[in-house]
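Here the structure comes first, spelled out in C-alpha cells, and everything after it is commentary.
The values are calculated or read from the model by the stated rules, or taken from the named source; none is laboratory data. This is a predicted model, so every value here is computed, not measured. Methodologically, a virtual Cβ is constructed for each residue, glycine included, from the backbone with ideal geometry; neighbour enumeration extends over all protein chains shown.
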Amino acid sequence: MRHAGEAILDDTILVIGASHAAAQAVDSLRREGHRGRLVLVGDEPHLPYQRPPLSKKYLSGEFERDRLWIRPAAYYEQQRVEFLPGRRAVRIDRAAHRVELDDGSALAYGRLLLATGGRARPMTVPGADLEGVHCLRTIADVDAIRAQLGAGRRAMIVGAGYIGLECAASLVKLGLSVTVLEMADRVMSRVVAPEMSEFYSQAHRSHGVRILLDQRVTAFEGAGRVAAVRCADGSLHPADLVIVGIGLVPNVELAAAAGIECDNGIAVDLHCRSSDPDVFAIGDCASQQSLRYGRRVRLESVDNAFEQAKTAAANLCGREVVHDKVPWFWSDQFDLKLQIVGLSMDYDRVILRGDPATQAFSCCYLQDDELIALDAVNHARDFMPARRLIAERARFDLARLADPGVTLKDAVS
C-alpha cells in the first residue's frame with residue numbers, strides 16, 4: 001500500500017459502481033486532466049442511469065428506458081473509458097492494488113474510487129420472498145413492477161418516505177387502488193416537519209391514496225404469491241402487489257472486508273479520501289464530515305453524488321479541493337415539486353412562508369434564529385437564495401421571515 005507522499009507508479013484510476021456519482025466522476029476526471037487509463041465497473045447490465053425517474057416517470061411509463069441513460073455509450077468510447085457492465089467487484093487487495101471481479105478476473109489500479117451506492121432495505125418478515133413483493137432501486141425492479149400493473153389492481157406500499165409516496169402518486173394516476181402503510185405517526189417523518197407531513201398526507205388523500213399510520217407490517221401472506229399484508233394490530237390488507245420503500249443500505253461490504261474504515265458508510269475526509277490514501281469514496285455509500293453541520297453525514301442525493309464526484313476527481317488529479325456544499329434534495333409527487341435545501345436536524349422553530357392551501361409555500365427550519373434548512377413546495381423563489389443564506393449561517397428577523405411578501409434575502413436580520 002502506498003503511503004501519503006509517495007509517487008504513484010500506475011496512473012490507472014478504477015471506478016467501482018456505475019452510478020450517478022461514477023458517471024460524473026469519469027467526466028470530471030477527464031476534465032481535470034487525467035489522461036491515464038480509466039476503468040468503470042458496474043454490476044448492472046446497463047449504462048450508468050438516472051435513478052430519480054424510476055419511481056416516477058419510468059414507473060408510470062412516461063419515460064422509455066433510453067431516456068434514463070446519463071450519457072450515451074459513445075461518450076465512454078470518446079473519453080477512453082473502459083466500461084465493464086454486468087461485472088461485480090468481490091475483493092479489494094490493497095497491498096497489490098488489485099480488485100478481483102466475480103468472473104475470476106482482476107484489475108490493477110493506481111487509485112481506486114468507490115461509488116458502490118446502496119441497495120433497498122429489505123423486509124425481514126414472513127412472506128417477504130413471495131412473488132409480487134418488490135423493492136424499488138433498479139431498472140430491473142421497476143420492470144418487474146410494471147409487468148404487474150393494471151387499472152383497479154390493489155397496490156400496497158410499505159413506507160411513507162420519498163420512494164413510497166412517489167410510487168403512490170405514480171400508481172394512483174395509473175388507476176390502481178393504492179394504500180400506504182407507515183410505521184410512524186406521520187409521513188416523511190425523518191425528513192420534514194409535522195406541518196409538511198400533514199400537507200402531503202392531505203395531498204395524497206385528495207388524489208385517492210389511502211394512508212394508514214402507526215402500522216407495523218408483520219407478514220406478507222399468500223400461496224406462492226402475495227395476496228395480503230398483515231399488520232401488528234391484526235388488520236389484514238388485500239394486495240395484488242406490494243412495494244417496499246423503507247430506506248437504503250449503503251454498500252460498504254467491499255470496503256469493510258478490505259479493512260477500510262466505515263461509519264454508516266465508507267468514512268471519508270473532506271477530500272473524499274478514505275482511510276487508505278489510494279482509495280476514495282463518493283455518493284450514497286460515503287460518510288463524510290460536514291463542516292456546516294458539525295457531524296458526519298451520509299447523504300442519499302443526486303446533487304451530493306455529483307458534487308462529491310467533482311471533489312474526488314480534483315483531488316485525484318492533484319488539485320486539493322474540500323467538499324463543503326450545502327446539500328439539496330427534491331421529490332415530485334403529483335403536481336407538487338418539493339425542493340429541500342439543508343439538513344433540518346436539531347431545529348427548534350418552524351416558520352411557514354405562504355399558505356399551504358395555495359400549494360406554493362416554504363417551510364423554514366431555524367436554530368437560534370439561524371436558517372439551517374428550507375423546504376419549498378412549488379416555491380423556487382425561496383429555494384434559490386436559501387442555499388447561499390444557509391451556507392452563510394444567516395440569522396433572520398422572524399416577523400419578516402413569516403411574511404411571504406418579504407424576500408428571503410430581505411428578511412435577514
Set Asp43, Asp27: member being assigned to a loop (DSSP other than H, G, I, E, B) and buried (at least 17 other Cβ atoms within 10 Å of the Cβ): Asp43
Odd one out for Leu338 among (1) surrounded by fewer than 20 Cβ atoms within 10 Å (Cβ to Cβ); (2) closer than 22 Å to Ile163 by Cβ; (3) among the hydrophobic types (A, V, I, L, M, F, W, C): (1)
Spans of strands (runs of 3 or more DSSP E) in segment 49-126 with at least 2 residues among the β-branched types (Val, Ile, Thr): 89-93
Matching option when the condition is surrounded by 14 or more Cβ atoms within 10 Å (Cβ to Cβ), in contact (Cβ under 8 Å) with a residue 12 or more places away in the chain, on the phi > 0 side of the Ramachandran plot and of a type outside the set (Asp, Glu), among Gly86, Gly152, Gly132: Gly132
Test result for Leu254, more than 22 Å from Leu59 (Cα to Cα) and in contact with a Ser or Thr (Cβ under 8 Å, 6 or more places away or on another chain): yes
Unique match (being hydrophobic (A, V, I, L, M, F, W, C) and in a loop (DSSP other than H, G, I, E, B)) among Val242, Val172, Val187, Val229: Val187
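Here's the yes/no breakdown for (1) over 21 Å from Ala160 (Cα atoms); (2) under 26 Å from the mean Cα position of the chain (by Cα):
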{"site": "Asp324", "(1), (2)": "yes, yes"}
{"site": "Trp330", "(1), (2)": "no, yes"}
{"site": "Met345", "(1), (2)": "no, yes"}
{"site": "Asp382", "(1), (2)": "yes, yes"}
{"site": "Pro385", "(1), (2)": "yes, yes"}
{"site": "Ala391", "(1), (2)": "yes, yes"}
{"site": "Arg400", "(1), (2)": "yes, no"}
Residue among Gln339, Gln308, Gln288 that is touching a strand residue (DSSP E or B) at 6+ places or on another chain (Cβ under 9 Å), part of a helix (DSSP H, G or I) and among the polar types (S, T, N, Q): Gln308
Residue satisfying all of: in segment 353-403; crowded, with 21+ Cβ neighbours inside 10 Å and hydroxyl-bearing (Ser, Thr, Tyr); nearest to Val191 (Cα to Cα) among these: Tyr365
Residue within segment 289-298 that is in the same structural domain as Leu38 (by TED's automatic domain parsing) and among the aliphatic types (A, V, I, L, M) present: yes
